[in-house]
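In what follows, a single structure is set out as structure tokens and then discussed.
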Amino acid sequence: METKERADAARNRAKVLDAAARLFAAGDPRAVTMEDIARAAGVGRGTLYRRYPDVTSIAAALLDEHERLLQGELLQGAPPLGPGAPPRERLTAFFTAMIDLLEQHGHLVLGAEAGAKRFAVGAYGFWRAHVLALLREAGTPDPEALADALLAPLAPEVFLHQRGQGLSTDRLKTALTRLAHAVTP
């Protein structure tokens, strides 16, 4: 049986997520603390901790909707991102979509999926399974060894470092397209 969220709890959740989104966008999300979020949201720390155990869980809640939309496109969207295109085209479309996601929400990804936390979130498992399936479909040798290597350039630290070095998203997409073409026969 599903319990309905109380109106005050829903308001507090919205205030917390709004405040966290502003704080994550304003600076380094790794420097944001639970106290910062509680203060910016105008809620007590107890209210905050009842729903979210840490900053990472708040960033993940904000990022979840964006990742679910992309996952839906990969599963049911139009080709080449969705089913029906050759693996090389789908891998290229996936890289392009991920660069767009990182460009728009890199601060959230950095807050939710930085370092070893990246491998613990469900989205990474989904991305890995998708890449692995495309590599297998393409007949790429040793796809298990390549899947994580192909996802490495999409780590938020790598992406934000490259953007900070002045690399445009177009250059990154072009480089990843070359990579997709190199690993898919």
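The values are calculated or read from the model by the stated rules, or taken from the named source; none is laboratory data. Remember, predicted model here, so these are calculated numbers, not experimental data. We place every Cβ from the backbone using ideal geometry, glycine too, and count neighbours over all the protein chains shown.
Some values worked out for this structure:
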read-out: ALA31, sole failed condition from (1) of a type in the set (A, V, I, L, M, F, W, C); (2) buried (at least 16 other Cβ atoms within 10 Å of the Cβ); (3) farther than 16 Å from HIS105 by Cβ; value: (2)
read-out: The lone exception for ASP36 - which of (1) closer than 18 Å to PRO53 by Cβ; (2) surrounded by fewer than 18 Cβ atoms within 10 Å (Cβ to Cβ); (3) within 19 Å of the chain's Cα centre (by Cα) it fails; value: (3)
read-out: Inter-residue pairs, beta-carbon under 9 Å, first among the small types (Gly, Ala, Ser) and in the stretch 138-162, second outside any helix (DSSP H, G or I) and exposed (fewer than 13 other Cβ atoms within 10 Å of the Cβ), 6+ apart; value: ALA138/PRO185; GLY139/PRO185; ALA155/GLY115
read-out: Positions within the stretch 84-105 being in a loop (DSSP other than H, G, I, E, B) and under 23 Å from ALA175 (Cα atoms), in sequence order; value: ALA85, PRO86
read-out: Residue match in the stretch 7-15 (condition: farther than 29 Å from ILE99 by Cα and acidic (Asp, Glu)); value: yes
read-out: For GLN165: the one exception among (1) at pLDDT 95 or above; (2) over 30 Å from THR33 (Cβ atoms); value: (2)
